[in-house]
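The values are calculated or read from the model by the stated rules, or taken from the named source; none is laboratory data. All figures in this text were calculated on a predicted structure; none of them were measured in a lab. Don't worry about glycine lacking a Cβ; one is built from the backbone with ideal geometry, like all the others, and counts go over all protein chains shown.
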Amino acid sequence: MPDEPGSLESAARVITKYNGNINRIQYDRRIDPCTVFYEVTATEDDYTKITRDLEAIGYLQTSLQPLSFLKFFVHLPHTPGSLSRFLRYTTESGANIGFIDFDDTGRHPDQLTVSLNLEDPASVDKLLDQLKSRYHLEIIEYDTTGKHLDDTIFYVRFAQEIRDLIGESENTFLLSFLADTNHIAQELMNRGSDPRQVFDSVLLTGRTLHATTGRNFYADVQKINITPQVDLFCFQLPCGGSIYVLTSEKDTLMIDTGYGIYHDDVMAMFSHFGLGDENRLTQLIISHADADHCGAGGFFPICALMHTGTRDIIKTNNRAYGSRNEHSVLEAFYTKMINLFSRFRPPKKVTCLPQAGTEARSIFPVLGTVTIGDLKLEVLEGLGGHTHGQIYLYSGLEGLLFTADAVINFSSLTPERAAYNSIADFLVTSVNVDSDLARRERKALFELAAETDNLLASKQKHCLICGGHGAVSVLENRKLVPYVDIHHYTVTNS
């Protein structure tokens, strides 16, 4: 919409004319002076009329084509009408002037500096031909990738950066994604956050994931002997949750999968450690529905064991499903965003755990058991603090407790991993969908680990706490301390 008085009213008048109800409006000229977001409820027929009339007056944006950026000096004769004649050429080309500068008392009194944004690359060549035949030009910068667009068309530039992360996408998808991003920017701005930080955080999420794949992939690895028949591997990936693998002579049990974007790198790493490929896996357990814990499940040919709540969150594409924050705009957007950037590919085949019975371990219902080699693990049902359907695995006999994202040794995270995790904290304000329940769960899990330590004291063993992120740790003076040495794996040293 044009940045001039009456524009908002003109659009609202069209919407009102056809009985549209405006549910949301957001405009901030500090972000983009010519873009306004409306969310409108209307019948299908009225919606068609609204969009038709808005398009007729040039207000409706239906595409997000990459724009060309052109910046140049032009030497104009210092005579009346020179600037007007020059601007006629830029107007006829459909160019949007982002910057123009001229001062006849300055160092270059005959020099006009101009930057333009043009949607049609062919119009750039035509405009340059027209101008070169009439004026002396000096091209400063010419970019057709959209990387140097200025902030007068912020959302077009933002869309181009999203394209760089996910590849070419349909205009309808990009427009919808921009509307969703704008909505959380509006929500967080109302809570006191800088809207620019919101957009920067979205892009930083995607860029960090892409920058840590392939030759740049790495992991921190622990290998621990649990029983005479079973070894445990912990793989801390560059971003997101840890993957756990339990191996015996005949079986391989995997707990969580990491992001889908890391799958090929994870398989290469597994091969390096003698764990084989996707076909070697005999059991797959998903602790909860966040993309960094189940997002590569679809690459494996076997059924994934999970809670019904986890299955439902995957289906609804909303990590807050089943919680008191189910209708949170922030949670819904974050789920869509992280699934998009991380190439979410959840398990295709699912086996759901049974409903809770009467048996419990501490405050957690026991849903069943899983076995690998001579190791038996109880499956415990969480209360829904981090996400609905999160589960834990526990062996009191061997001192092993998988706590998913309820208990994490944050001190074991590298600065890079901590920085990445902080993006989610900012975008959703809390990664726990119910903080009160999350605190109860964390307290009970710490108490369970301490009780297990007491039971194992005569064997000089500790309860190994395997958090959803970070290193396998033990309790020492009520603090989590990494257990055994950590091996740093990189593609180049593999």
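Here are some notes:
- Among residues of segment 297-337, those that are among the aliphatic types (A, V, I, L, M), more than 19 Å from Gly385 (Cβ to Cβ) and in contact with a strand residue (DSSP E or B) (Cβ under 8 Å, 6 or more places away or on another chain), counted: 3
- Tally of residues being crowded, with 18+ Cβ neighbours inside 10 Å and aliphatic (A, V, I, L, M) across segment 460-493: 6
- Counting only residues that are charged (D, E, K, R) and either at positive phi or outside any loop (DSSP other than H, G, I, E, B) (or both), segment 398-436 holds 4 of them.
- Residue within segment 368-379 that is part of a loop (DSSP other than H, G, I, E, B) and either in contact with a helix residue (DSSP H, G or I) (Cβ under 7 Å, 6 or more places away or on another chain) or surrounded by 20 or more Cβ atoms within 10 Å (Cβ to Cβ) (or both) present: no
- Residues in segment 24-36 that are assigned to a strand (DSSP E or B) and surrounded by fewer than 18 Cβ atoms within 10 Å (Cβ to Cβ): Arg24, Ile25.
- In the set (1) farther than 24 Å from Gly389 by Cβ; (2) free of Cβ contacts under 8 Å to residues at least 60 places away in the same chain; (3) surrounded by 22 or more Cβ atoms within 10 Å (Cβ to Cβ), Leu456 fails one condition alone, (3).
- Flag for Gly384 being within 23 Å of Met254 (Cβ to Cβ), out of contact with any Gly (no Cβ under 6 Å at 6 or more places or on another chain) and crowded, with 16+ Cβ neighbours inside 10 Å: no
- Criterion: modelled with pLDDT of 95 or more and buried (at least 21 other Cβ atoms within 10 Å of the Cβ) - qualifying residue of Leu445, Leu437: Leu445
- Residues in segment 37-59 that are over 28 Å from the mean Cα position of the chain (by Cα) and either hydrophobic (A, V, I, L, M, F, W, C) or within 23 Å of Asn117 (Cβ to Cβ) (or both) were compared, and the one that is surrounded by the most Cβ atoms within 10 Å (Cβ to Cβ) is Ile50.
- Screening Cys294 on (1) in contact with a strand residue (DSSP E or B) (Cβ under 9 Å, 6 or more places away or on another chain); (2) crowded, with 23+ Cβ neighbours inside 10 Å; (3) in contact (Cβ under 8 Å) with a residue 60 or more places away in the chain shows it passes everything except condition (3).
- A Cβ distance below 7 Å, combined with a sequence gap of six or more or placement on separate chains, defines the contacts here; from segment 316-333, residues that are free of Cβ contacts under 8 Å to residues at least 24 places away in the same chain reach residues that are buried (at least 22 other Cβ atoms within 10 Å of the Cβ) and of a type in the set (Ser, Thr, Tyr) in the pairs Asn317/Thr335; Asn318/Thr335.
- Elements of type helices (runs of 4 or more DSSP H) in segment 264-354, at least 3 residues being of a type in the set (A, V, I, L, M) and within 21 Å of the chain's Cα centre (by Cα): 329-341
- Criterion applied to Leu209, Leu237, Leu203 was being farther than 24 Å from Asp405 by Cβ and among the aliphatic types (A, V, I, L, M), and the one residue passing it is Leu203.
- Residue within segment 35-56 that is assigned by TED's automatic domain parsing to the domain that holds Asn171 and at pLDDT below 90 present: no
- For segment 40-59, a residue qualifies if it is among the hydrophobic types (A, V, I, L, M, F, W, C) and part of a helix (DSSP H, G or I), and the qualifying residues are Ile50, Leu54, Ala56.
Rundown of residues vs (1) assigned to a strand (DSSP E or B); (2) closer than 21 Å to Leu246 by Cα, yes/no style:
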position: Asp453; (1), (2): no, no
position: Ala457; (1), (2): no, no
position: His462; (1), (2): no, yes
position: Ile465; (1), (2): yes, yes
position: Leu480; (1), (2): yes, no
position: Asp485; (1), (2): no, yes
position: His488; (1), (2): yes, yes
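- Boolean, Ala179 is surrounded by fewer than 20 Cβ atoms within 10 Å (Cβ to Cβ) and of a type outside the set (Lys, Arg): yes
- Qualifying positions in segment 127-177 - outside any helix (DSSP H, G or I), modelled with pLDDT under 80 and more than 15 Å from Val114 (Cα to Cα): Thr144, Thr145, Gly146, Lys147, Glu168, Ser169, Glu170
- Qualifying positions in segment 60-86 - in a helix (DSSP H, G or I) and either loosely packed, with under 12 Cβ neighbours inside 10 Å or hydrophobic (A, V, I, L, M, F, W, C) (or both): Leu83, Ser84, Phe86
- Matching residues in segment 225-244 - criterion: being on the phi < 0 side of the Ramachandran plot and not in a strand (DSSP E or B): Ile226, Thr227, Pro228, Gln229, Val230, Leu237, Pro238, Cys239, Gly241
- Test result for Gln283, of a type outside the set (Ser, Thr, Tyr), under 30 Å from Lys315 (Cβ atoms) and either surrounded by fewer than 21 Cβ atoms within 10 Å (Cβ to Cβ) or free of Cβ contacts under 8 Å to residues at least 40 places away in the same chain (or both): yes
- Filter result (more than 25 Å from His288 (Cβ to Cβ) and not in a loop (DSSP other than H, G, I, E, B)) within segment 468-478: Glu476
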